[in-house]
Amino acid sequence: MKKNILLTVEDVVKKYGDYTALNKVNISVPESSIYGLLGPNGAGKTTLMRIINQITAPDQGKVTFNGEKLNKNHIKDIGYLPEERGLYKKMKVGEQVLYLAQLKGMSYNEAIEKLKFWFEKLEITHWWSKRVEELSKGMAQKIQFVVTVIHKPKLLIFDEPFSGFDPINAAIIRKEILQLRDNGTTIIFSTHRMESVEEICDHIALINNSKTILEGPIDKIKDDFQSNTYEVILKEKNLVSSQEFDILSKNENNYKIKINDNFKLNQTIDIINKNFNIISFKKETPSVEDIFIKSINNE
Amino acid sequence: MNKIFLIIKREYLVRVKKKSFIIMTILAPILMAGLIIAPVLIANQDQQNRLIAINEETPRYSNKINDTEFTHFTIINQDEADEIKNNILEAPYYALLDIKDTSFTIYSSQQISLNLRREIENQLEIIIERDKLKQAGIDIEIIESSKTNINIETKIIDIEGKTTSSNTEVSIGIGFITGILIYMFIFMYGTMVMRGVIEEKTNRIVEIIISSVKPFQLMMGKIIGVALVGLTQFILWILLTILISFFAELILIDASEITTSTDNINQSVILNEFTKLTGGIDLITIFISFIFFFLFGYLLYSSLFAAVGSAVDAEADTQQFVLPITIPLILAFIFIQPVMDNPDGTLAFWLSIIPLTSPVIMMVRLPFGVESWELLLSMILLIIGFILTTYLAAKIYRTGILMYGKKISYKELWKWLSYKG
């Protein structure tokens, strides 16, 4: 089943003076997916997220949300947790979340109701009348998470979500994010730490030097970057390279082999199977990091 | 529109609920009322009956000293005087005046008031002066009749030919006080806006907020919220000052004693003095103008303060940008005196028309009378100035609040002005 596309960014260009922050960037984010926006620091990820949040407007290009041109009515449908995040230190927790929820366009009563729901869910109800400055950093992060999701946005945008979160909070937030996705929310993750999103993202876009260099479902991208290498474990320790395959590395009875072009997988397995006892034969999938480095080098 | 209202509400409530705001709002009127009441009170306090004993071996001066309204004199002999000196606390006199030839000494158990001392000195001086004149053969009658006292009355004739008496000293006073108040308010509330912007930026909450509202809405919400705080404080000051003065007057001053001279016994002494002093000055115009120039002067400057706040990472870095915006304000302050010396001169005219200095200088000029077209022109230019500075400030603000950890130069600010939304 093909999913609907919630957000598309087409040929977006953004310049600050002489500096080009985004140069014809394209992404399309399917509904109820977790979309990883990957790239090194300074690649333009934050600028792209600011454009989606309508904090700044693109110089060229088109952004479409839910089939319409992105406009201010969509603000209430988007939740944003910026990398640089914080709260008013002197304001009480409850008051503050209420204020920020109302700024997102919720009514007072609606905001109170949702606020109670989230506070109970994260077991932080007793923080209601505490000032933010009395909270620990981890506690403040939970509040920030509530602020981001309270208005039940269709699209959630997290900029470096796990930087600064302690492991326990990160696990809680991760669980909540997956649950939100299962309930139909679309999530965009931005990070320069590729390994942190590998197992959570369905789709990714790689951004480097203000440009998208790769985009699509993570499985498909990994397939494209298939290097034809396999991890093989045998009973024996004396496997040697042949015309069908090369041994890349070897550790006791654990081999990494690369099947040479022109030869099929089945053929190779048969040949090995004839002379050896195979314990396991597994395809090596490239990590996102490998793919990223490879595609940058290809540029 | 609804969102900007939410911002205004937060900015207003957060500040009004602060302890420092509440303390300032209550303390200032008490001080003001004290300043109004104290002179009346002190003058009143001195008016109690006192009996003073005089001792002089051969009466030369003592019999010529006259009783005044509250001070009475009795002549006593040497024995009695010695007794008083030995036991001054038991004596039925407030003080003892000892005269030996031309040396005069006052003995008392507590420090006598300056007023009383001056009163006695004056009497003695006159008595001795007359004595000397008499000895020189000069007729005192002639000297008495040649004494003159001139007090020029100033009156203003307006276009309709109506004359009102004016009082230059009071005009100077009102002009000075309102001018200084505007200067102080713009500074106080302008920096309040700047601090608010820096707080949001260093807190990093600003990016969350501007994903919900436009940066311009956030900036204007803050500026308007703080303006309302200023107005609240100002109005409370006036009301509380009036209230406190009124009650203090009721409690501390026996009204019947001092109001006998005025026609209407029931009228407040202070109010009476006030209306007498400010006769001929258009207080209503001054009040309305004050509110207007405070509000728009503040709006013009605070948007600039907001822009500065957005460009820096900490309050310590604001210095280089704050100075240029405050120079016109400080200039206006410096020119208060020259403008007062010549409130209708060219300097006064231009400074009261140019938007950056007009809020202070126009207030200084107003009590001396300003043509209505000048006032109107100044007001219109101030509004235009406000729109212009806000437009430029908003551009800097929009870019500045999202810039972290970068030392900002003027060149950089100039570049920001050209960025598109």
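The values are calculated or read from the model by the stated rules, or taken from the named source; none is laboratory data. It should be emphasised that the depicted structure is a prediction, and the values quoted were computed from it without experimental measurement. Cβ: placed from backbone, ideal geometry, glycine included. Neighbour counts: every protein chain shown.
Couple of notes before you dig in:
- Residue that is farthest from the other protein chains (Cβ to nearest Cβ), among those in region A:58-85 that are at positive phi and of a type outside the set (S, T, N, Q): A:G67
- Restricted to region A:99-124, and to residues there that are part of a helix (DSSP H, G or I), of a type in the set (A, V, I, L, M, F, W, C) and surrounded by fewer than 19 Cβ atoms within 10 Å (Cβ to Cβ), the residue that is farthest from the other protein chains (Cβ to nearest Cβ) is A:F117.
- Scope region A:57-75; condition buried (at least 20 other Cβ atoms within 10 Å of the Cβ) and under 22 Å from the mean Cα position of the chain (by Cα); matching residues: A:V63, A:F65, A:L70, A:H74, A:I75
- If the condition is being among the aromatic types (F, W, Y) and assigned to a helix (DSSP H, G or I), then region A:242-299 contributes only A:F292.
- Among the conditions (1) farther than 26 Å from A:T47 by Cα; (2) within 14 Å of chain B (Cβ to nearest Cβ), the only one that A:Q141 does not satisfy is (1).
- B:R195 being surrounded by fewer than 17 Cβ atoms within 10 Å (Cβ to Cβ), in contact with a Leu (Cβ under 9 Å, 6 or more places away or on another chain) and within 14 Å of another protein chain (Cβ to nearest Cβ): no
- Near pairs, Cβ below 8 angstrom, 6+ apart or cross-chain, from region B:130-157 (β-branched (V, I, T) and surrounded by 11 or more Cβ atoms within 10 Å (Cβ to Cβ)) to any residue that is modelled with pLDDT of 80 or more and part of a helix (DSSP H, G or I): B:I140/B:R130; B:I140/B:L133; B:I140/B:K134; B:I143/B:L133
- Annotation: of all residues in region B:329-355 being at pLDDT below 90 and assigned to a loop (DSSP other than H, G, I, E, B), the one that is nearest to B:T191 (Cα to Cα) is B:P343.
- Counting the residues of region A:125-140 that are part of a loop (DSSP other than H, G, I, E, B), more than 29 Å from the chain's Cα centre (by Cα) and surrounded by 14 or more Cβ atoms within 10 Å (Cβ to Cβ) gives 2.
- Pairs, first in the same structural domain as B:F293 (by TED's automatic domain parsing) in region B:328-353, second of a type in the set (A, V, I, L, M, F, W, C) and exposed (fewer than 13 other Cβ atoms within 10 Å of the Cβ), C-beta under 7 Å, six or more apart: none
- Residue, farthest from the other protein chains (Cβ to nearest Cβ), within region B:198-219, restricted to residues that are among the polar types (S, T, N, Q) and within 16 Å of A:K104 (Cβ to Cβ): B:Q217
- Those helices (runs of 4 or more DSSP H) of region B:1-99 in which at least 3 residues are over 23 Å from B:S113 (Cα atoms) and touching a Ser or Thr at 6+ places or on another chain (Cβ under 9 Å), considering only elements entirely within it, cover B:2-16, B:19-45.
- Filter result (surrounded by 14 or more Cβ atoms within 10 Å (Cβ to Cβ) and at pLDDT below 90) within region B:284-310: B:T285, B:I286
- Meets criteria (modelled with pLDDT of 90 or more, more than 17 Å from A:N53 (Cα to Cα) and more than 11 Å from chain B (Cβ to nearest Cβ)) for A:K154: no
- The residues listed here are A:L48, A:L38; of these, the one that is within 16 Å of the chain's Cα centre (by Cα), of a type in the set (A, V, I, L, M, F, W, C) and modelled with pLDDT under 90 is A:L38.
Yes or no, residue by residue, for (1) among the basic types (K, R); (2) not in a helix (DSSP H, G or I):
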site	(1), (2)
A:L178	no, no
A:R181	yes, no
A:I187	no, yes
A:E195	no, no
A:I200	no, yes
A:I207	no, yes
A:T212	no, yes
A:G216	no, yes
A:K220	yes, no
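- Scan of region A:153-173 for residues that are of a type in the set (V, I, T) and either surrounded by 15 or more Cβ atoms within 10 Å (Cβ to Cβ) or within 14 Å of the chain's Cα centre (by Cα) (or both), ordered by number: A:I157, A:I172, A:I173
- Residue in region B:385-393 that is crowded, with 20+ Cβ neighbours inside 10 Å, closer than 22 Å to A:I55 by Cα and within 12 Å of chain A (Cβ to nearest Cβ) present: no
- Some residue of region A:12-23 being surrounded by 15 or more Cβ atoms within 10 Å (Cβ to Cβ), modelled with pLDDT of 90 or more and farther than 22 Å from A:T191 by Cβ: yes
- Scanning region B:394-421 for residues that are surrounded by 15 or more Cβ atoms within 10 Å (Cβ to Cβ), of a type in the set (A, V, I, L, M, F, W, C), within 13 Å of chain A (Cβ to nearest Cβ) and part of a helix (DSSP H, G or I) returns B:L413, B:W416.
- Residue selection: A:K89 satisfies the criterion of being among the charged types (D, E, K, R), at the interface with chain B (Cβ under 8 Å from one of its Cβ atoms), in contact with a helix residue (DSSP H, G or I) (Cβ under 6 Å, 6 or more places away or on another chain) and surrounded by fewer than 21 Cβ atoms within 10 Å (Cβ to Cβ).
- Applying the condition of being aliphatic (A, V, I, L, M) and more than 14 Å from B:G309 (Cβ to Cβ) to region B:176-192 and asking which residue is farthest from the other protein chains (Cβ to nearest Cβ) yields B:I177.
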